[in-house]
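Engineer: The structure is given below, and queries will be raised subsequently.
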């Protein structure tokens with residue numbers, strides 16, 4: 001027996017397919033679910049064109065950015081701290097849907113350092129990052145959001161950042177560095193359905 005919920009779901013799916021077939025750009029851009037479906041279809045087509053890579057919607061965004069603007073962004077994106085939580089939620093959503101891992105790194109600068117030291121730390125951090133990475137600025141902290149990063153790649157990155165900071169700003173410029181890789185993160189009570197929320201809570205704790 002078909003339930004009312006199942007019937008509504010089928011109608012909505014048919015309506016969604018119609019919007020995709022007709023290329024209803026306004027509706028696709030206004031509906032996150034439709035946009036995700038469209039992006040997944042594009043990623044599937046990209047795998048047919050270039051089968052040597054498992055393409056993701058993020059990969060397509062980077063390629064299309066170059067196609068539209070004419071040149072690649074050469075350094076990490078530096079943003080105000082108020083944008084961090086929104087971007088972090090987006091990365092958690094991608095990780096939960098597609099299994100794309102990412103890393104969060106929070107660097108705390110020693111209290112009372114001069115502005116020049118803060119700038120030197122920022123330069124050392126951005127020098128080692130990719131154009132797809134994000135740096136969020138706070139008064140004494142830098143929050144790094146690193147898409148498609150695993151633990152094996154994160155440890156050498158943090159070690160190199162420490163070395164560069166020590167050369168440019170001194171070994172005492174950084175008070176501490178906290179990091180987490182999701183969904184590789186190991187919580188004390190094991191994985192749960194609320195792991196995404198726990199990552200947000202962890203990040204909030206590091207920024208206090």
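Engineer: One residue is enough: does segment 136-146 have a residue meeting the conditions farther than 18 Å from residue 203 by Cα and touching a residue at least 60 places away in the same chain (Cβ under 8 Å)? Can you show your working first?
Structural biologist: To start, the set of residues in segment 136-146 that are farther than 18 Å from residue 203 by Cα comprises none.
Checking segment 136-146: not a single residue is farther than 18 Å from residue 203 by Cα and touching a residue at least 60 places away in the same chain (Cβ under 8 Å).
Engineer: Among the candidates 161, 165, 125, 106, single out the residue that is farther than 28 Å from residue 198 by Cβ and either in contact (Cβ under 8 Å) with a residue 24 or more places away in the chain or in a helix (DSSP H, G or I) (or both). Before you say what the answer is, go through the steps one by one.
Structural biologist: Details: 161 fails: farther than 28 Å from residue 198 by Cβ; 125 fails: farther than 28 Å from residue 198 by Cβ; 106 fails: farther than 28 Å from residue 198 by Cβ.
165 is the lone residue from the list that is farther than 28 Å from residue 198 by Cβ and either in contact (Cβ under 8 Å) with a residue 24 or more places away in the chain or in a helix (DSSP H, G or I) (or both).
Engineer: Within segment 101-112, take every residue that is farther than 11 Å from residue 144 by Cα and surrounded by 19 or more Cβ atoms within 10 Å (Cβ to Cβ) and give me the one that is farthest from the chain's Cα centre (by Cα).
Structural biologist: Restricting attention to segment 101-112, the residues satisfying the condition of being farther than 11 Å from residue 144 by Cα are 101, 108-112.
Still in the list and also surrounded by 19 or more Cβ atoms within 10 Å (Cβ to Cβ): 101, 109.
Values: 101: 9, 109: 23 Å.
Per the criteria, the residue is 109.
Engineer: Which of (1) touching a helix residue (DSSP H, G or I) at 6+ places or on another chain (Cβ under 8 Å); (2) assigned by TED's automatic domain parsing to the domain that holds residue 157; (3) assigned to a helix (DSSP H, G or I) does residue 118 not meet, given it meets every other one?
Structural biologist: It is condition (1) that residue 118 fails.
Engineer: Looking at (1) assigned to a loop (DSSP other than H, G, I, E, B); (2) under 17 Å from residue 80 (Cα atoms); (3) more than 12 Å from the chain's Cα centre (by Cα), can you tell me which one residue 132 breaks?
Structural biologist: Failing condition for residue 132: (3).
Engineer: Out of curiosity, is residue 58 free of Cβ contacts under 8 Å to residues at least 40 places away in the same chain, out of contact with any helix residue (DSSP H, G or I) (no Cβ under 6 Å at 6 or more places or on another chain) and not assigned by TED's automatic domain parsing to the domain that holds residue 194?
Structural biologist: Values: free of Cβ contacts under 8 Å to residues at least 40 places away in the same chain: no; out of contact with any helix residue (DSSP H, G or I) (no Cβ under 6 Å at 6 or more places or on another chain): yes; not assigned by TED's automatic domain parsing to the domain that holds residue 194: yes.
No, not satisfied.
Engineer: Let me ask something else about it. Being more than 13 Å from the chain's Cα centre (by Cα) and more than 22 Å from residue 205 (Cα to Cα) narrows it down to one residue among 32, 57; which is it?
Structural biologist: Values: 57 fails: more than 13 Å from the chain's Cα centre (by Cα).
Step by step, each of 32, 57 is checked, and only 32 is more than 13 Å from the chain's Cα centre (by Cα) and more than 22 Å from residue 205 (Cα to Cα).
Engineer: In segment 168-208, which residues are touching a residue at least 24 places away in the same chain (Cβ under 8 Å) and assigned to a loop (DSSP other than H, G, I, E, B)?
Structural biologist: Matches in segment 168-208: 170, 172, 173, 183, 184.
Engineer: If you don't mind, there's one more thing I want to ask. Do we find that residue 153 is under 19 Å from the mean Cα position of the chain (by Cα), closer than 24 Å to residue 40 by Cβ and part of a helix (DSSP H, G or I) in this structure?
Structural biologist: no
Engineer: Can you name every residue in segment 89-103 that is closer than 21 Å to residue 206 by Cα and touching a helix residue (DSSP H, G or I) at 6+ places or on another chain (Cβ under 6 Å)?
Structural biologist: If the condition is that a residue be closer than 21 Å to residue 206 by Cα and touching a helix residue (DSSP H, G or I) at 6+ places or on another chain (Cβ under 6 Å), then 92, 102, 103 are the ones that fit.
Engineer: Filter segment 156-181 for residues that are under 17 Å from residue 102 (Cα atoms) and more than 18 Å from the chain's Cα centre (by Cα); which is surrounded by the fewest Cβ atoms within 10 Å (Cβ to Cβ)? Walk me through it before giving the result.
Structural biologist: Narrowing segment 156-181 to residues under 17 Å from residue 102 (Cα atoms): 156-158, 177-181.
When the remaining residues are screened for being more than 18 Å from the chain's Cα centre (by Cα), the result is 156, 177.
Working: 156: 10, 177: 16.
Applying the filter and picking the extreme gives 156.
Engineer: Do we find that residue 101 is closer than 23 Å to residue 180 by Cβ and assigned by TED's automatic domain parsing to the domain that holds residue 185 in this structure? So that I can check it myself, show each step before the final result.
Structural biologist: Details: closer than 23 Å to residue 180 by Cβ: yes; assigned by TED's automatic domain parsing to the domain that holds residue 185: yes.
Yes: the conditions hold for residue 101.
The values are calculated or read from the model by the stated rules, or taken from the named source; none is laboratory data. Note that the coordinates shown come from a computational prediction; the quantities given were computed from them, not determined experimentally. Positions of Cβ are generated from backbone atoms using ideal geometry, with glycine treated the same way; all protein chains shown enter the neighbour counts.
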